[in-house]
Each structure stands twice: as structure tokens, then as C-alpha cells.
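This report concerns only the one structure given below.
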Amino acid sequence: MEVLGQCSTTKARFGKLSLPHQVVDTPVFMPVGTQGTLKGLIPEQLENIGIQIILGNTYHLGNQPGEEILKQAGGLHEFMGWRRALLTDSGGFQMVSLIKLSELSEEGVKFVHPRDGAEMLLTPEKSMAIQNAIGADIMMQLDDVVTSTETNQDRFKEATARSVRWLDRCISAHKRTDQFLFPIIQGGLDEELRKKCLHEMTARPVPGFAVGGLSGGECKDDFWKMVTVSTDGLPKDKPRYLMGVGYAADLIMCVALGCDMFDCVFPTRTARFGSALVPTGQLQIKNVSYATDLSPIQNDCTCTTCRTYTRAYLHILFRTGHPSACHMVTVHNLMYQFTLMRKIREAIAEDNFPEFIKTSYLQLFGNPSKYPSWAVDAFASVGVNLK
């Protein structure tokens with residue numbers, strides 16, 4: 001990763017990440033296309049918005065269409081018609097999301113498919129084989145994932161040590177030189193355990209790092225402190241990917257704490273429920289107050305939805321259950337996230353990121369008295385007095 005500039009106050013930086021299919025501007029938000037697509041959108045629309053990199057999921061793609069079809073198709077880029085960068089999760093998160101359907105051992109994780117009962121043993125070696133078949137520009141190691149709200153500290157110690165062992169197995173099994181393999185820093189909410197994991201994983205010859213095990217329901221005070229511990233221990237010349245973060249307030253804060261890459265289902269999932277993202281938060285388009293509102297979702301937005309349709313029109317589509325409504329708001333929400341990250345990069349480049357933080361938070365929360373204490377403390381830790 002080429003770091004092009006650094007905020008003179010915070011830990012924020014901007015740069016370019018050169019990948020086989022795309023040079024990606026960072027900080028970047030990566031939309032999630034779990035099964036090789038973003039619901040309701042085609043790749044051409046993502047390109048028109050300006051999206052440079054999206055996600056796929058190893059567990060789901062390994063089940064359908066499967067490793068062999070992906071190989072025959074020439075990888076997921078060819079299979080789905082996407083010309084830009086791809087990142088794949090390893091399948092490890094399904095240890096949390098599908099915990100009732102999984103069985104963990106040192107060998108790997110055995111999943112029972114919820115639809116047909118078929119079993120899949122996802123080992124580090126199998127995860128690498130599937131991801132090599134997918135051909136993503138960036139691939140994740142298989143890690144032992146524990147929800148951040150777990151109370152058994154011994155489980156975190158076990159998972160962290162196993163994740164390091166599994167990383168070595170992933171490195172050994174990785175068969176391609178045109179895919180970047182990222183370790184995933186674990187350690188739960190234990191600062192010393194995270195530091196131990198950082199020490200082990202940064203000793204391996206890898207091109208970048210992910211920070212995992214967060215955004216799982218832990219309190220925000222614990223969240224930002226563990227992000228800080230993680231970025232403080234990561235190399236300055238390699239990308240730092242914070243997994244599972246997508247709210248605007250969190251994105252701005254975590255860029256200030258030194259993160260470069262983010263992903264979350266939030267902007268696309270919330271669109272399907274009629275929630276449109278705007279600088280002041282969210283608009284619930286289904287609300288009756290928008291039934292006669294002939295303005296766009298956001299006046300200064302350049303997405304095709306805002307250029308063409310009104311809130312009243314979208315309201316009617318949602319009220320009648322028309323699927324195009326979800327599509328239109330998804331387009332807007334992705335443009336909102338893309339524009340937010342572009343403005344963040346510009347603010348860092350112009351070295352006025354602290355002012356951008358203050359302006360953005362005032363828009364989001366309306367009044368400094370409403371700022372959450374965790375945000376105030378997090379920004380204070382990097383030299384920004386939010387109030």
C-alpha cells in the first residue's frame with residue numbers, strides 16, 4: 001500500500017492499494033456481495049457509482065456454485081462479470097452466524113447446510129482452495145471466530161492461539177501469487193491478548209492485516225479501545241482492514257484511529273427495509289410523512305435514484321411492495337457510502353480532517369449535547385476535541 005498522506009492530528013491516512021484487478025483508493029468502504037452479487041444490482045451499476053472493490057463469502061460460494069464451477073468459469077470475476085477488485089472472507093464468521101449448525105475442532109469447522117443437511121468441513125486448507133478458485137484479489141485466513149460478547153476468557157485464548165496456527169496452515173496452503181492473503185487479528189476485548197496476537201501475526205510475511213472479533217455487540221467503549229490497540233500494533237506501510245463496520249459515525253471514527261478498509265451489510269440491508277442514508281442519519285421512506293414529499297432522498301446526491309425519483313414515489317413503491325423500491329434505495333445508499341469515503345479522503349489530503357469530523361458529527365447528532373461519550377473519548381485519544 002502506498003500511503004500518500006497523513007492527518008497531522010489523528011492517525012488517519014489516505015493512499016492507494018494496488019491490486020491485480022484495481023487500484024483502490026483508501027480509506028475505502030467495501031459493499032458486501034455474499035454470494036457473488038449485491039442484491040438487486042448488477043456490476044455495471046456498481047461501476048457507475050464508482051465502487052472499486054466488493055466482498056464475497058467463501059462459505060456460501062463454496063456451497064453454491066461450488067469450487068469446481070468457479071474453477072471452470074475462470075474465477076468469480078468472470079462468473080459474475082465484475083472487472084474490479086474482490087475480497088473474500090474466509091468463512092470463519094459463519095462460526096458465529098451459523099454456530100448452531102457448526103462443530104469446531106483443531107482440524108477445522110464442520111458445517112451442516114441449513115437447507116439440505118449437507119456437511120462441509122471447512123479447514124484452513126479447504127478455505128484456501130475455495131478462495132484460490134474464487135480468485136479474489138484479497139483473501140482472508142480461516143480464523144477461529146468468537147463473538148465479542150462471549151464471557152469465557154479461556155475461549156478467547158484458545159481461539160486466538162488457534163487463529164495463529166491456522167494462519168500458518170493457510171500460508172502453506174495458499175497456491176497463487178496473484179492473491180493477497182491477510183491474517184485476522186483476534187484477542188476479543190483483552191488488550192494483552194490482542195497484543196500477543198499482533199506480535200505473532202505481524203511476524204509473518206503477509207501484505208496486509210484485518211482486525212476481527214469486533215462489531216459483535218460489545219459496548220462502544222471497548223470497541224474503539226480494541227481498534228486503537230490493533231492499529232497501534234500494525235505496520236504503517238500495510239493496509240488495515242476493520243471487519244464489519246458500516247455506520248457513518250463509526251467509519252469516521254475508525255479512520256481517525258488509523259483504519260483503511262471497511263465492510264458491512266448495513267447500507268444494502270437497511271435499504272431493503274426502506275431506510276435511506278443521509279448526512280443527518282436515516283430517512284424511513286415508508287413513513288407516511290413522505291407520501292406527498294416531491295423532493296429527492298438527498299438534494300445534493302448525484303445517484304440515479306436522486307436524479308430521477310422523489311421520496312413520494314419511493315414511498316408508494318414501498319407501500320405497495322414493489323421490488324424496484326429496494327433497488328433504488330440500495331443505489332442511493334451505496335452512493336452515500338462512496339461519497340462519504342471520498343470526502344474523508346479529500347479532508348485528510350487537505351489536512352482538515354478534524355474539521356470534517358466536527359461538521360459530520362454535528363450533522364449526524366444535531367447537537368453536541370447528544371454526542372455519545374464513547375465518540376468524544378475516542379476522538380480525544382487522537383487529539384480531536386469533538387465538542
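The values are calculated or read from the model by the stated rules, or taken from the named source; none is laboratory data. Not measured: the values here are computed from a predicted model. Positions of Cβ are backbone-derived with ideal geometry, glycine not excepted, and every protein chain shown enters the neighbour counts. Only protein heavy atoms, including side chains, enter the accessible area calculation; ligands, DNA and RNA are left aside. Shrake-Rupley method; radii C 1.70, N 1.55, O 1.52, S 1.80 Å.
Values for this structure:
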read-out: Matching residues, region 229-251, being among the basic types (Lys, Arg) and buried (at least 24 other Cβ atoms within 10 Å of the Cβ); value: Arg240
read-out: Enumeration of residues in region 149-175 that are of a type in the set (Asp, Glu) and without any contact (Cβ under 8 Å) to a residue 12 or more places away in the chain; value: Asp154
read-out: Qualifying position, being touching a helix residue (DSSP H, G or I) at 6+ places or on another chain (Cβ under 6 Å), without any contact (Cβ under 8 Å) to a residue 60 or more places away in the chain and open to solvent by 50 Å² or more (accessible area, probe 1.4 Å), among Lys387, Lys358; value: Lys387
read-out: Residue count for region 307-350, restricted to those that are open to solvent by 40 Å² or more (accessible area, probe 1.4 Å) and more than 27 Å from Phe262 (Cβ to Cβ); value: 10
read-out: Test: Ile138 is within 24 Å of Lys71 (Cα to Cα), open to solvent by 10 Å² or more (accessible area, probe 1.4 Å) and out of contact with any Cys (no Cβ under 6 Å at 6 or more places or on another chain); value: no
read-out: Residues satisfying the stated conditions in region 252-306, i.e. open to solvent by 40 Å² or more (accessible area, probe 1.4 Å) and in a helix (DSSP H, G or I); value: Arg269, Val288, Ser289, Thr304
read-out: Candidates Phe365, Phe379 - the one that is open to solvent by 10 Å² or more (accessible area, probe 1.4 Å) and among the aromatic types (Phe, Trp, Tyr); value: Phe365
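Residue-wise test of (1) of a type outside the set (S, T, N, Q); (2) under 21 Å from Ile49 (Cβ atoms).
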{"site": "Arg319", "(1), (2)": "yes, no"}
{"site": "Asn333", "(1), (2)": "no, yes"}
{"site": "Leu340", "(1), (2)": "yes, yes"}
{"site": "Ala347", "(1), (2)": "yes, yes"}
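Here is a yes/no grid of residues against (1) part of a helix (DSSP H, G or I); (2) farther than 24 Å from Leu19 by Cβ; (3) at pLDDT below 95; (4) open to solvent by 50 Å² or more (accessible area, probe 1.4 Å):
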position	(1), (2), (3), (4)
Arg162	yes, yes, no, no
Arg165	yes, yes, no, yes
Cys170	yes, no, no, no
Leu181	no, no, no, no
Gly188	no, yes, yes, no
Lys195	yes, yes, no, yes
Ala210	no, no, no, no
Gly213	no, yes, yes, no
Val227	yes, no, no, no
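Let's see how each residue does on (1) among the aliphatic types (A, V, I, L, M); (2) over 21 Å from Gly15 (Cα atoms); (3) in contact with a Gly (Cβ under 6 Å, 6 or more places away or on another chain):
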residue	(1), (2), (3)
Val164	yes, yes, no
Glu191	no, yes, no
Leu214	yes, yes, no
Asp222	no, yes, no
Gly233	no, no, no
Asp237	no, no, no
